[in-house]
């Protein structure tokens with residue numbers, strides 16, 4: 001579950017918990033909303049932990065020797 005899905009679950013859960021005032025016999029929508037919000041928060045936390053441990057943009061530095069830089073000189077001859 002990604003961060004987007006988790007935020008969506010939090011939003012749907014908040015709507016069910018705080019904005020819906022319908023009372024049904026078989027299911028409590030406020031409880032379902034709170035459960036969805038908790039699942040969304042857990043999903044955000046887990047996504048942040050796994051994203052932090054992924055390390056896809058880390059840069060590896062090797063110190064095998066001096067860095068050689070090449071420069072390209074372009075000389076325009078004017079006739």
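The numbers here are math on the coordinates, done by the rules we state, and not lab data. Note that the structure is predicted; figures quoted are calculated from it, not measured. As a convention, Cβ positions derive from the backbone with ideal geometry for all residues, glycine included, and neighbour counts pool all protein chains shown.
Note on residue 41 and residue 24: the extension gain reaches 3.5 nm, defined as 0.36 nm multiplied by sequence separation minus the Cα-Cα distance.
Extension gain for residue 31-residue 3 works out to 7.8 nm (0.36 nm per residue, less the C-alpha to C-alpha distance). The packing ranking, built from the mean of other Cβ atoms within 10 Å per residue, places the peptides 33-42, 11-20, 68-77 in the order 33-42, 11-20, 68-77, highest first.
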